[in-house]
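The next block holds one structure in the form of structure tokens; read it before the comments.
The values are calculated or read from the model by the stated rules, or taken from the named source; none is laboratory data. The shown structure was predicted, so the numbers you read here are calculated from the model rather than taken from an experiment. Reconstructed Cβ throughout: ideal geometry from the backbone, glycine too, with neighbour counts over all protein chains shown.
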Amino acid sequence: MNFDSDLLEFERRKYDQSFRFVAGVDEAGRGPLAGPVVAAAVVLPREGTTVTELPDVFDSKQLSAARREVLYAQLCELPGIRFGIGSASVEEIDRINILQATYLAMRRALAQVECCDFILVDGNRVPGLPAPSLSIVKGDAQSASIAAASILAKVTRDHQMMELDRQYPHYGFCRHMGYATAEHLAALKQYGVCPAHRRSFAPVREIVHPSPVEQMELKL
């Protein structure tokens, strides 16, 4: 895409308002039963009032894993791009809840991006951000910088889940990335939980602390 793409409309508006470094922020991994939540913040390169040539980014959920990997590499190598990756661990998710952990991951990602003076956030308002912000529902399909952040966050988290798959091969993390698939739920019941699981999430919690009915079934 180039600078006149519709996906750069939000960024152009902020440039017209004299903001210089507009960051898009998105997360990956709020819903899974295992692994960290990861966020990325991206400031796309621009020259003067013109955004330079960009990879053909789009909402990471609409892309194949192979296409995400290609775009991830292109974004990381894009001259002038600024980006940060932040995460919140399983322990933090269980301690402060997934919503607060997501906010924490976003703030950590933004802390790595210098000179950010406006933030475009996918979804709902995020408290405690270091600059003025605008929340955009389904922003990963409307803003190029949010879409880029979506790709960086998703691929980074997928790589982390593949590493967890090597550590805990019984659960199939490399296939479902920690989501509550039938395969994952069956493995949880068979093997119990591992350190990568979020114990505050109901399907995991029910195995860590079986219900009275389940306790009776286990005794039979």
- prompt: Just a yes or no: is a residue in the range 98-118 on the phi > 0 side of the Ramachandran plot and either crowded, with 21+ Cβ neighbours inside 10 Å or outside any helix (DSSP H, G or I) (or both)?
  reply: yes
query: Cβ-Cβ below 8 Å, separation at least six or inter-chain, first residue in the range 69-85 and free of Cβ contacts under 8 Å to residues at least 40 places away in the same chain, second among the polar types (S, T, N, Q): which pairs?
result: 79/52; 80/52
- request: Being crowded, with 17+ Cβ neighbours inside 10 Å, among the small types (Gly, Ala, Ser) and assigned to a loop (DSSP other than H, G, I, E, B) is the filter here, so list the residues in the range 121-162 that pass it.
  value: 123, 143
- line: The residue that is surrounded by the fewest Cβ atoms within 10 Å (Cβ to Cβ), considering only those in the range 43-77 that are within 13 Å of residue 149 (Cβ to Cβ) and at pLDDT 90 or above, is 76
- request: Select from the range 178-220 the residues that are among the β-branched types (Val, Ile, Thr) and modelled with pLDDT under 90 and write down the one among them that is farthest from the chain's Cα centre (by Cα).
  value: 213
- line: With criteria (1) under 14 Å from residue 29 (Cβ atoms); (2) in contact with a helix residue (DSSP H, G or I) (Cβ under 9 Å, 6 or more places away or on another chain); (3) polar (S, T, N, Q), residue 160 comes up short on (2)
